[in-house]
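Chemist: Here's a structure for you.
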Amino acid sequence: MKAIFLVFFLTIFAIILFYAKKRFFDKIDFSRKTKKYLKLFLVVLYVFVLLYFANRFFDFLPSYIYYLASLCIAIGFIIFVFAIFYEIFKLFGAIFKLSADKSKVAEFAIFYLMILYLGFGIANGFSDIEVKTYQIKSSKIKQNTKIVFFSDLHIGPLVDAKYTKKLVDLVNYQNADFVIIGGDLIDENLDSIAPQIAELSKLKVNKKVFYAIGNHEYFYGEDDVLSLLKSLKFETLENKSFMDLSQGVQISGVYDYFGNRKNTLKPDLIRLSNDDNLYRILISHQPKVLEDKTFNSDKFELILSGHTHCGQIFPFGLFVLLDQPYLCGKHQITKNLDLIISSGSGFWGPRMRIGSDFEILVLNLQKI
């Protein structure tokens with residue numbers, strides 16, 4: 001499956017770079033020398049993307065080269081987005097008969113706007129992890145309860161021990177009763193991320209740390225990942241529920257929907273407990289749990305999800321919405337059911353964000 005994805009991705013990436021050259025860079029009134037450099041830039045960009053994926057298999061690049069290689073993925077796709085934007089501009093320019101001089105100025109403006117857009121995204125990739133707080137009141141809650149939820153850390157070469165420590169320190173500072181990890185915690189072979197795992201073992205919580213698996217864990221040995229997290233004393237939510245009667249809270253979690261494709265560790269909502277006297281929280285890595293035929297909205301008051309990264313880099317969230325019902329934030333599904341989707345505490349691929357934040361969520365559950 002990895003090989004098929006790799007061939008498909010690299011083929012598509014080559015096509016969009018070729019398109020951007022022919023329909024964007026070659027059309028702007030640059031000098032011949034400048035166009036030659038831009039062509040060379042696209043070739044180098046593609047080589048760096050090849051290096052990025054090669055490193056995912058063989059782990060041979062220095063960290064700074066790997067960082068640049070990961071950025072090249074985002075740079076290529078953003079160039080393609082601006083190439084489409086340029087095509088739209090040319091269409092409207094023809095319709096409204098824009099003069100040659102005005103058209104030339106606008107074309108250069110689009111090109112330099114693209115550079116500024118990329119620069120902002122790269123800089124924003126080093127922004128701090130934000131804390132977003134939600135106040136939730138329910139008569140079912142017996143004692144005020146603080147929950148910290150984070151997802152999509154994607155521990156790997158770029159999410160190193162230093163970054164993981166920053167997250168752990170931020171979570172610990174909240175002094176939560178429960179910490180819930182909503183999947184895609186790991187995005188690298190387990191033997192390569194021992195320092196990051198050591199930092200995760202330092203999570204402090206008044207009661208329990210819960211973990212529900214995400215789709216990326218299936219790429220690196222889902223059973224091994226679950227065993228590792230159990231060794232850290234995390235409560236793994238493997239199609240099961242945990243009840244805290246003193247707090248009046250039920251926390252349930254299912255396997256990820258990627259398990260259906262891999263035909264292992266499949267999500268099963270039917271197996272979950274259901275105590276209507278408790279405030280019931282469901283952890284599903286993907287918000288598409290709402291589209292599960294066995295999903296019953298009357299059995300939960302809150303769903304916590306991740307997976308989407310809030311698109312990570314605008315406008316790619318529009319493509320996420322082709323697969324998921326919602327992108328990020330809080331949504332009222334029914335009168336008694338809310339969905340909250342985290343944009344993630346880490347990142348996949350390039351360390352870049354535009355139109356989304358690194359975040360952890362603090363949920364203050366209050367009795368009324």
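Chemist: Taking R0 as 35 Å, what FRET efficiency do you get between residue 175 and residue 323 from their Cβ-Cβ distance, rounded to the nearest 0.05? Before the final figure, lay out the partial values.
Modeler: Values: r = 36 Å, r/R0 = 1.03.
Efficiency computed from Cβ-Cβ geometry: 0.45.
Chemist: Quick one: putting +1 on the C-beta of Lys and Arg, -1 on the C-beta of Asp and Glu, what dipole do you get for the chain around its Cα centre, in Debye to the nearest 20? Before the final figure, lay out the partial values.
Modeler: Values: 43 positive and 36 negative charges, 222 e Å.
The calculation lands at about 1060 debye.
Chemist: Tell me, what is the FRET efficiency for residue 30 and residue 113 to the nearest 0.05, using R0 = 22 angstrom and their Cβ-Cβ distance as r?
Modeler: Values: r = 16 Å, r/R0 = 0.71.
According to the calculation, E is roughly 0.90.
Chemist: Report the local net charge at residue 93: Lys and Arg +1, Asp and Glu -1, summed over other residues whose C-beta lies under 13 Å from its C-beta. Before the final figure, lay out the partial values.
Modeler: Numbers: positive: 27, 90, 97, 102, 104; negative: 87, 101, 107.
Net of charged neighbours comes to +2.
Chemist: Along the stretch 282-293, what does the Karplus equation 6.51 cos²θ - 1.76 cosθ + 1.60 (θ = phi - 60°) give for ³J(HN,Hα), rounded to whole Hz, x for Gly and Pro?
Modeler: Once θ is set to phi - 60°, the couplings for the stretch 282-293 become 10, 9, 9, 3, 9, x, 5, 4, 4, 8, 5, 4 Hz.
Chemist: Hey, another quick one. Just how far, in whole angstrom, is the stretch 32-90 from the stretch 181-198 if you go by their alpha carbon centroids?
Modeler: After rounding, the separation between the Cα centres reads 27 Å.
Chemist: Once a ≥ b ≥ c are taken as the square roots of the eigenvalues of the Cα gyration tensor of the stretch 154-215, is the result rounded (a/c under 1.5), prolate (a/b larger than b/c) or oblate (a/b not larger than b/c)?
Modeler: Numbers: a/c = 2.25, a/b = 1.45, b/c = 1.55.
In terms of gyration-tensor shape, oblate.
Chemist: For every other residue with a beta carbon closer than 12 angstrom to the beta carbon of residue 236, add +1 if it is Lys or Arg and -1 if Asp or Glu, then tell me the sum.
Modeler: It works out to a net charge of -1.
Chemist: Same structure, new question: Leaving out ligands and nucleic acids, and using a 1.4 Å probe, what accessible area per residue does the chain come to in Å²? If you can, show how the numbers build up before the last one.
Modeler: Details: 17370 Å² over 368 residues.
On a per-residue basis, the chain sits at 47 Å².
Chemist: Ignoring everything except DSSP H segments at least 4 long, calculate the 222 nm mean residue ellipticity for the chain; use -39,500 (n - 2.57) per segment, divide by total residues, nearest 500. All intermediate terms of the calculation are to be shown ahead of the outcome.
Modeler: Details: 9 runs with 143 residues, N = 368.
When only DSSP H runs of four or more count, the value is -13000 deg cm²/dmol.
Chemist: Expressed as a whole percentage, what fraction of the accessible surface of the chain belongs to carbon and sulfur atoms when a 1.4 Å probe is rolled over the protein heavy atoms? Before the final figure, lay out each step's value.
Modeler: Working: 10410 of 17370 Å².
The value for the chain is 60 percent carbon and sulfur by accessible area.
Chemist: Under 4.7 Å Cβ to Cβ, no partner at all: give me those cysteines from the chain, in residue order.
Modeler: Flagged as lacking a Cys partner: 72.
Chemist: Need the list of lysines near residue 102 for cross-linking: C-alpha distance under 19 angstrom, and skip anything on the same chain fewer than eight residues off.
Modeler: The reachable lysines, counting only those whose Cα sits under 19 Å from residue 102, are 27, 90.
Chemist: For a quick check: with amide H placed at 1.01 Å from N, whose amide H comes under 5 Å from residue 155's, ignoring anything fewer than 5 positions away on the same chain?
Modeler: 186, 187
Chemist: Tell me the net charge near residue 300. Cut-off is 14 Å between Cβ atoms, residue 300 excluded, with +1 for each Lys or Arg and -1 for each Asp or Glu. Let's see the in-between values first.
Modeler: Working: positive: 140, 280, 299, 335; negative: 275, 276, 292, 298, 301, 338.
Local net charge: -2.
Chemist: Another one. Please give the solvent-accessible surface of residue 207 in Å², to the nearest 10, using a probe radius of 1.4 Å with every protein chain present.
Modeler: Residue 207 exposes around 90 Å² with every protein chain in place.
Chemist: Give the accessible area for residue 81 in Å² (nearest 10); use a 1.4 Å probe, count only protein heavy atoms, and leave out ligands, DNA and RNA.
Modeler: 40 Å²
Chemist: Cα centroid distance between the stretch 130-159 and the stretch 299-368, in Å?
Modeler: 12 Å
Chemist: So if each residue of separation counts as 0.36 nm, and I subtract the Cα-Cα distance between residue 243 and residue 94, what length gain in nm does that give? It would help to have the intermediate numbers written out before the result.
Modeler: On the way: separation 149, 0.36 × 149 = 53.64 nm, distance 6.44 nm.
Taking residue 243 through residue 94 to full extension adds about 47.2 nm, to one decimal.
Chemist: Mind giving me the FRET efficiency for residue 40 and residue 192? R0 is 45 Å, r the Cβ-Cβ distance, nearest 0.05 is fine.
Modeler: On the way: r = 33 Å, r/R0 = 0.74.
FRET efficiency, residue 40 to residue 192: 0.85.
Chemist: Continuing with this model, one more query. Ranked by accessible surface with a 1.4 Å probe, highest first, in what order do 238, 291, 359 come?
Modeler: Values: 238 35, 291 115, 359 5 Å².
Highest to lowest solvent-accessible surface, that is 291, 238, 359.
Chemist: Pairs 165/204; 162/240; 230/293; 137/299; 162/204; 137/166: which are spaced more than 24 Å apart, C-alpha to C-alpha?
Modeler: Working: 165/204 12 Å; 162/240 33 Å; 230/293 30 Å; 137/299 17 Å; 162/204 17 Å; 137/166 30 Å.
Listed pairs above 24 Å: 162/240; 230/293; 137/166.
Chemist: Calculated from the structure, volume of the Cα convex hull per residue in Å³ equals which of (1) 137; (2) 151; (3) 180?
Modeler: Answer by label: (2).
Chemist: A further question follows. Would you kindly find the accessible area of residue 204, with a 1.4 Å probe and non-protein molecules such as ligands, DNA and RNA excluded, rounding to the nearest 10 Å²?
Modeler: Estimated to the nearest 10 Å², residue 204 gives 140 Å².
The values are calculated or read from the model by the stated rules, or taken from the named source; none is laboratory data. Nothing here was measured: the structure is a model prediction, and the numbers come from that model. Every residue, glycine as well, gets a Cβ built from its backbone with ideal geometry; the counts of neighbours run over all protein chains shown. Just so you know, the surface numbers come from the protein's heavy atoms only, side chains and all, with ligands and any DNA or RNA stripped out. Shrake-Rupley method; radii C 1.70, N 1.55, O 1.52, S 1.80 Å.
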